[in-house]
Structures are given as C-alpha cells and as structure tokens.
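Below: one structure, written as structure tokens.
The values are calculated or read from the model by the stated rules, or taken from the named source; none is laboratory data. What you see is a predicted model; the values in this text were computed from it and never measured. Heads up, the Cβs are rebuilt from the backbone with ideal geometry, glycines too, and the neighbour counts pull from every protein chain shown. The area values use the complete protein model at the heavy-atom level, side chains included, leaving out ligands, DNA and RNA. Shrake-Rupley method; radii C 1.70, N 1.55, O 1.52, S 1.80 Å.
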Amino acid sequence: MTDQSQYKKGSVVEFDDNWKIRSHEARQNYYTSGRPTNQIMMSFKNQWKVYSSFIKNPQPGMKVLEPGSGRGSISCYFAAHGFDCYLLDTSAEILAVAKDIFKENNLPAHYVCEDALHMSFSDNYFDVIVHCGLLEHFEDYRQALIEQYRVLKPGGIIISNIVPGKWSVQKAFGFINLFLKFVHGLLTKLKLVNKAEKAPKKPLYRSDHGSEIYIEVLRSLGAAIEYQGGIFPVPSLSYSPAFPFTVMSPKIEKFLVWLWYLVLAIRKMIWPKRHPWMCSEKWGQHVLVVARKPINQKLL
Ligand SMILES: C[S@@+](CC[C@H](N)C(=O)[O-])C[C@H]1O[C@@H](n2cnc3c(N)ncnc32)[C@H](O)[C@@H]1O
C-alpha cells in the first residue's frame, strides 16, 4: 500500500477501497470492436478515435503507458490496434479486474502495481502516455506530469483527459438526471421497478482546474501543446445514484447511443474540420490536453 503522507491531497487508498466496495460494477468492460451498446462504451470508443488521430506514424509495438489505468478501458483500444500497453495503478484490486477484461477480449498487456508519482521505468521509455480521470485527483499534479514527461520518449505524446467538476454539458443537462431519478423513485414506490442501488463510495479529492495549469507545467518542461480544449460534448444520462458505475437497461442505453450518434452527425456538419467528439473546454464533460516532447529534447 502506498504511503499516504507523501501526498498533498488526493488519495490512492480511497480509490482502492472504492474499487473493492464497487467490485461488481468495476468489472464493467467498456471496450468493443463493434458498435457501442452503452453511453460509457461510446465515450471510450470516441476517445480512441480522437487520441489515435494525434499519433503520427503509428507502428505496431509502440509503447503506451496508462498511469491510473483502473480497468484500462482506453488501453484496450490501443492494445487492439497493436500497441504494447502498460497498465499502471496503485490498486492491485482493479489491476486484477483489468487483467480479466484484457483476457476476455484476447488482448495482451503488462500490469504494473506502483505509484504514478514515482515510477520505476527508465527515462525516455514510452511513445505514448494516456490517462483518463487521473490528474484531477492529485493536488500534486505537477509531480505526476514531471514523472510522465521523464518516461516519455522524445517525439512522444502525453494525452491527458481530465474530469473536473466544473460547468459543462453535464451540468447544463443535470435537470434530466434529476427528473429520471424522480420518475424512477416513483416507479419504485409503485413496485413497478427494482430500487436503484445506492452508491457507497468514499469521498475522493477532485480539483476543478481547467487545462491552463497543466499546460503551464508541460510548457515549463519543454513540451509543445498540440491540443487544449474540451472533449465529450454530450451528457451522461441515468436515473441511478451509482452512475457512472451502473448503466441503464440495454434498450434505453441503445437508444441513447443512437441519439448521441445523431448529435455527433449534426456536429460534424456544423464543424466539419474537427472530430465531433471534440468541443470547447467549457462545454465538454472532460478537458483534453495533448502535449508532445520535442524530438531533440533528450534530457529534462
Ligand atoms: C478515475 S480512475 C480511472 C479509471 C480508468 N480510466 C478506467 O478506465 O477504469 C483513477 C485511477 O487512478 C488510480 N490512482 C490514483 N492515484 C494513483 C497513483 N498515485 N498512482 C497510480 N494510480 C493511481 C486509482 O486507483 C484509479 O484506478
């Protein structure tokens, strides 16, 4: 177990506990080689499409690190496209889940149980570093980025997907989730549906920073910024207090996936030059920063 005292704020212990408490939902597999069947799967599939567009000259066997990998949902896509994936997490519990998910999908990967703030990899080791939902959990985000930059090869990229609790499309449509919860509560009282599961969850540290502060650190290290903006331009809808761990019934999820693809088709017509999953930082559920280490930068 990682020593908590070294952290300013942010906890890896609570994450591990939460993965244990929610072990059933943690087993959800959000990778598909076909059409997504729920909203979260759709999100990861579109993330992959956006991220892969930043990888110049992709070669089989390129090394990819996902620090704070959890189940490794995004790594599944990299592994399925021939990348050599390293999943790193302090939670042995969730790494075991990731291992099962990769096995079920017949995908290879390496599993590393260690701290993303102090990694054992040598300098200039990875071609790509990608993470989803990690940096906002560190007060010491600077150390996390310094460490990632150290293990990144010159010419390689860091793809940071950050989930701050700021104003976004999720908040704009929050009233729909309130309405869904109300209707579901009513149907539960009438015994027409089963009670939604409560989400026993330990509170985690989450910052509200936008892209600026991460970019400041990356620029100070010498990185060139290739993208700064929003991603995930549709809300996640659910009646469940456990969301995003729990998805709704297959029929409702299928309908929402269809609806969001329609929204993406319309977005593509309005903004034909960028992938429709990309959006303004204020609107996106997530913030995306893509930074490249210059090819001639050998040392920090
Ligand atoms: C929000 S989850 C990411 C979920 C992931 N994107 C997925 O597909 O399941 C953040 C992950 O970061 C891990 N984590 C938190 N602090 C860490 C640290 N210092 N080093 C490595 N992993 C850490 C947690 O255990 C957790 O699995």
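Some observations on this one:
- When Y51, Y77, Y30 are checked against the criterion of being under 16 Å from the mean Cα position of the chain (by Cα), outside any helix (DSSP H, G or I) and crowded, with 17+ Cβ neighbours inside 10 Å, Y30 stands alone in meeting it.
- When the strands (runs of 3 or more DSSP E) confined to the range 95-179 are screened for residues that are open to solvent by 50 Å² or more (accessible area, probe 1.4 Å) and more than 19 Å from Q47 (Cβ to Cβ), those reaching at least 3 such residues are found at 110-113.
- Pair list, Cβ under 6 Å, 6 or more apart: the range 141-159 residue at positive phi, other residue hydrophobic (A, V, I, L, M, F, W, C): G155/I295
- Looking across the range 175-192, the residues that are closer than 30 Å to S211 by Cβ and either touching a residue at least 40 places away in the same chain (Cβ under 8 Å) or of a type in the set (F, W, Y) (or both) come down to F175, I176, N177.
- Each residue in the range 22-72 was checked for being among the charged types (D, E, K, R) and out of contact with any Phe, Trp or Tyr (no Cβ under 8 Å at 6 or more places or on another chain), and 3 pass.
- Any hit, the range 208-221, residues being touching a Lys or Arg at 6+ places or on another chain (Cβ under 7 Å), of a type in the set (D, E, K, R), surrounded by fewer than 17 Cβ atoms within 10 Å (Cβ to Cβ) and at pLDDT 95 or above: no
- Residue within the range 134-148 that is near the ligand (Cβ under 9 Å from one of its atoms) and among the small types (G, A, S) present: yes
- The lone exception for G185 - which of (1) among the small types (G, A, S); (2) in a helix (DSSP H, G or I); (3) surrounded by 18 or more Cβ atoms within 10 Å (Cβ to Cβ) it fails: (3)
- Pairs, first more than 13 Å from E147 (Cα to Cα) in the range 112-136, second near the ligand (Cβ under 9 Å from one of its atoms) and in a loop (DSSP other than H, G, I, E, B), C-beta under 6 Å, six or more apart: H131/G68; G133/V163; L134/G68; E136/V163
- For the range 80-94, a residue qualifies if it is open to solvent by 20 Å² or more (accessible area, probe 1.4 Å), more than 27 Å from S53 (Cα to Cα) and either hydroxyl-bearing (S, T, Y) or more than 12 Å from the ligand (Cβ to nearest atom) (or both), and exactly one does: T90.
- Test result for I101, within 13 Å of the ligand (Cβ to nearest atom) and more than 16 Å from V151 (Cα to Cα): yes
- Which listed residue, of L259, L288, is out of contact with any His (no Cβ under 9 Å at 6 or more places or on another chain) and either small (G, A, S) or loosely packed, with under 14 Cβ neighbours inside 10 Å (or both): L259
- Among the candidates K251, K282, K298, residue that is over 23 Å from the mean Cα position of the chain (by Cα), open to solvent by 50 Å² or more (accessible area, probe 1.4 Å) and at pLDDT 90 or above: K251
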